[in-house]
Amino acid sequence: MATAGKTVGMPLGERLALIAVILLAILWLLPLVWVTGVSLKNNTELVVNPGAVFSAPYTIQNYIDLTKTSALGTWFRNSLIVSLSHTVLVLIVSCLAGYGFARIEFPGRNAVFIFSLVGLAIPGQAIIVPLHSFFNAFDLHNTYAALIIPGIATPFGIFLMTAYFRAIPAEIEEAARLDNASRFKIFWAIALPLAVPAMATLGIFTFLGTWNDYLWPLISATRPEMYTLTVGLAATQTNIDQSEGLGYLMAQSVFAGLPMLILYIFFQKYVVRAVAGAAIR
Amino acid sequence: MSRIDLVNINKKFGSYEAIADLSLAIDSGEFVVFLGPSGCGKTTLLRMIAGLEAVTAGEIHIGDRRVEHLPPGQRGVAMVFQSYALYPHMTVAQNMAFGLRNIGTEKSVIEAKIAEAARILQLETLLDRKPGQLSGGQRQRVAIGRAIVKSPEVFLFDEPLSNLDAMLRARTRVEIARLHQTLGATMVFVTHDQIEAMTMAQKIVVMSNGKIEQVGAPLDIYRRPATRFVASFVGVPAMNFLDVSNTEAVRGKLHVRVGETMIPTGVPAAGLSGPLTLGIRPEALRVDANGTIAAKVDVVERLGDKTIIHAMLPGGQAVVGEDGDTSALTFGDQVRFSVDSARTHVFDAAGRGHHAEVAP
Ligand SMILES: Nc1ncnc2c1ncn2[C@@H]1O[C@H](COP(=O)(O)OP(=O)(O)OP(=O)(O)O)[C@@H](O)[C@H]1O
Ligand SMILES: [Mg+2]
């Protein structure tokens, strides 16, 4: 009813835009629907007729099989540990650095700030070889440390948090100084709570990026028990001949995508705001 | 409740001198207003007392402690900011509790103090709201409440009324004055609004360009402005300033020639020479058929209880005078003003004021 009410009297241009958006959304959703559909089909039936996705019978057999393969659970756990730890560390580093750049006067502050922003211009692939040798030198490949640590000091995170802390009115912090709050107390009890929207944005982007990251875990984790989901799934999918079939493969993908879906459902507000770029204001 | 002494305070921002060698004594329990035009250094001075801005040179004493090197929290001052600077993520009660928690005050004491402040400021029903859910006037009261709970020796206000509408401003003025009477604390109030200064202050400090122009009681400032700057800054409509071309002394009093007219003043003639300026407030320049000054009416402002007449002297100079509530004057009329010589001022070349009225 509410939706119907809203479209009544809507200008023609907006109506067309709305229709275009709906079409795009459907187009965007199609692969997801297809993947989900295939994951619910019997594998042998799919071999005979790959187009049978949109008709019964459906089965959850692929998902039952999924629980029987041990490796997937390990990879999922690895991805979760790596993504969560990495995100938490990125948030800690970005908030501390951002607050420092925004609020604490020290000699050479601007120079250091600009230097840390230069990193924005360097593509991740360009440093992958030195990064590899670095972790090699410490014999850290195939450990969580190697998967988690690279990139915890991210120029984007530092820039975002600096901009956000700068936008908090200085008078609020001055009031806190008059209220006998220490520097750290001001950071912890005043600045951080006010920066939650920016932290949510940064956290979501970082988590998504790490969860979907492929290149670095592929290079660093060479032993299957240290694979993350992306690397593990890719490894099984390249062996499609030996694998248990298309439906099973798709069930794996759906499983891998679940955290994204959950994240989105819970943080929808922040994700939308982050994508709209509103969190920076 | 403490006295404040500022001794030879100097403040530079880089090479720009915002405050030049300023000394001032504020008595314990006094309500002092810093008054001056925008950019004269009022906020800077207040922030130095608060400890939010370091002094470049000089001493600040609060009570018998020297405080210019102490952090803001240890000076025994509370400040109400122009923007209120409430903590947006905390409720009203949490806003008031924050400072007390930081010094380890007992929970029961905090609650009692918040209840007391809420009662004085009528915030009882708002304690669980966040600042975003309050009106401007309510936020303002929370900001004052946050200061009250700390029972500071000194309250500092930086233009706390400038974001309120005229009605609310008038009411809050009275509330703050009442608060001063109840608490008896020393209060320093910054404003560029002379009505606020005149109505609230026991002592006004008029500032300009980082310097003190005059310190005095409101009526003293109004009746005996020490400088031409003070005379022009205080009073609405502003004092008329007329160039004096010639003078003579009559029975010890100065008579001055302005254009073609000789105007008797009540200012003692002794020692006054050089280029002079005559100062007459609009209320001392009254429409009078037998008046000495002729002019042509320009704009008529009817205020209800009186009428403000803007007029032009033959020499082309604009003056502002007053008429009764039922003035019939309109644009273009010829008018005569008489001067109340007992309320005249003469300013010498250095801008110093000489007055017909003697000090009380
Ligand atoms: N942090 C700063 N850096 C440089 N100059 C400053 C700084 N703070 C204030 N000033 C300068 O010092 C002078 C006094 O400023 P201040 O804020 O004290 O004026 P004010 O009397 O409070 O004016 P207003 O009525 O507009 O608030 C101004 O010329 C201002 O530009
Ligand atoms: Mg100011």
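The values are calculated or read from the model by the stated rules, or taken from the named source; none is laboratory data. Bear in mind the structure is a predicted one, so any value in this text is a computation, not a measurement. Every residue, glycine as well, gets a Cβ built from its backbone with ideal geometry; the counts of neighbours run over all protein chains shown. Ligands, DNA and RNA are excluded from the accessible area calculation, which covers all protein heavy atoms including side chains. Shrake-Rupley method; radii C 1.70, N 1.55, O 1.52, S 1.80 Å.
Net charge dipole, segment B:4-229: roughly 380 debye, given to the nearest 20, about the Cα centre with Cβ charges of +1 for Lys and Arg and -1 for Asp and Glu. If only the Cβ of Lys and Arg carry +1 and only the Cβ of Asp and Glu carry -1, the dipole of segment B:240-355 around its Cα centre is close to 340 debye. Accessible area per residue for the protein assembly as shown is 50 Å², calculated with a 1.4 Å probe on protein heavy atoms, without ligands, DNA or RNA.
Using only protein heavy atoms and a 1.4 angstrom probe, determine the accessible area buried between B and A, summed over both sides, in Å² to the nearest 100.
Values: alone 16950 and 16760 Å², together 32010 Å².
Summed over both sides, the interface buries about 1700 Å².
Over the protein assembly as shown, how many percent of alpha carbon pairs lie in each 10 Å bin up to the one with the longest distance? Using 10 Å bins, I get a P(r) of 3, 11, 15, 15, 14, 13, 11, 7, 5, 4, 2, 0, 0 for the protein assembly as shown. The alpha carbons of segment A:35-91 stretch over 48, 23, 15 Å along the principal axes, in descending order.
Are there GluC sites (Glu not before Pro) in segment B:1-109 that DSSP puts in a loop and that have at most 15 other Cβ atoms within 10 Å, and which ones?
Details: sites: B:17, B:30, B:53, B:59, B:68, B:106; in loops: B:30, B:53, B:68, B:106.
Those that pass, being in a loop and sparsely packed, are B:106.
Hey, what D do you get for segment A:153-244 in µm²/s if you plug the Kirkwood alpha-carbon radius into Stokes-Einstein at 37 °C and 0.692 mPa s? Write down the numbers at each step before the final one.
Values: Rh = 16.6 Å.
My calculation gives 198 µm²/s for D.
Applying the Kirkwood pairwise sum to the alpha-carbon positions of segment B:160-202 produces a hydrodynamic radius of 10.8 angstrom. The per residue volume of the convex hull around the alpha-carbon atoms of segment B:240-355 is 98 Å³. Relative to the longest principal axis of the C-alpha atoms of chain B, give the angle of the C-alpha long axis of helix B:166-183, reported between 0 and 90° and rounded to the nearest 10°. For helix B:166-183, the angle is close to 60 degrees.
Enter the angle in degrees (range 0 to 90, nearest 10) between the Cα long axis of helix B:136-148 and the first principal axis of the Cα atoms of chain B, meaning the one along which they spread out most. Once rounded, one gets 70 degrees.
Protein heavy-atom surface of segment B:4-229, 1.4 angstrom probe: 49% of the accessible area is carbon and sulfur, with nucleic acids and ligands not counted. In terms of its alpha-carbon gyration tensor, chain A comes out oblate; a/c meets the 1.5 threshold, while b/c is at least as large as a/b. Rg then Dmax, both in Å and based on the Cα atoms of segment A:18-59: 12.9, 41. Of the listed residues A:248, A:270, the order by accessible area with a 1.4 Å probe, largest first, is A:270, A:248.
For helix A:196-212, report the angle its Cα long axis makes with the longest principal axis of the Cα atoms of chain A; keep it between 0 and 90° and round to the nearest 10°. Tilt of helix A:196-212: around 40 degrees.
Considering only B:242, B:307, B:198, and ranking their Cα positions along the charge dipole of chain B that arises from unit charges at the beta-carbon of Lys, Arg, Asp and Glu, the one farthest toward the positive end is B:198.
Counting heavy atoms of the protein chains alone, residue B:292 has an accessible area of about 70 Å² for a 1.4 Å probe. Taking the three principal axes of the alpha carbon atoms in segment A:167-213, the coordinate ranges are 46, 18, 10 Å, sorted in descending order. In whole angstrom, how far apart do the alpha carbon centroids of segment B:140-199 and segment B:30-92 sit? A separation of 14 Å, based on Cα centres.
Over every Cα atom in segment B:70-134, the radius of gyration and the widest Cα-Cα span, Dmax, amount to 12.3, 37 Å.
The distance linking segment A:191-224 with segment A:83-123 is 16 Å (Cα centroid to Cα centroid, whole angstrom). The convex hull built on the alpha-carbon positions of segment A:126-281 has an orientation-averaged projected area of 12.6 nm².
Its alpha carbons give segment A:46-198 an Rg and a Dmax of 23.2, 76 Å.
Please pull out the direction-averaged projected area of chain B, using the convex hull of its alpha-carbon atoms, in nm² to one decimal place. If you can, show how the numbers build up before the last one.
On the way: hull surface 87.0 nm².
Result: a mean projected hull area of 21.7 nm².
Note on the protein assembly as shown: antiparallel DSSP beta bridges, both residues inside, total approximately 75 percent of the bridges counted. Comparing each chain alone with all protein chains together (probe 1.4 Å, DNA, RNA and ligands left out), the residues of segment B:137-158 losing at least 30 Å² of accessible area are B:150.
Over all distinct alpha-carbon pairs, what is the Kirkwood Rh of segment B:36-185 in angstrom?
Details: mean 1/r = 0.0616 Å⁻¹.
Over segment B:36-185, the inverse of the mean reciprocal pair distance is 16.2 Å.
For residue B:12, the accessible area of its heavy atoms, probed at 1.4 Å with every protein chain present, is near 90 square angstrom. For the protein assembly as shown, a crude dipole built from +1 on the beta carbon of Lys and Arg and -1 on the beta carbon of Asp and Glu, taken about the Cα centre, is about 520 debye to the nearest 20.
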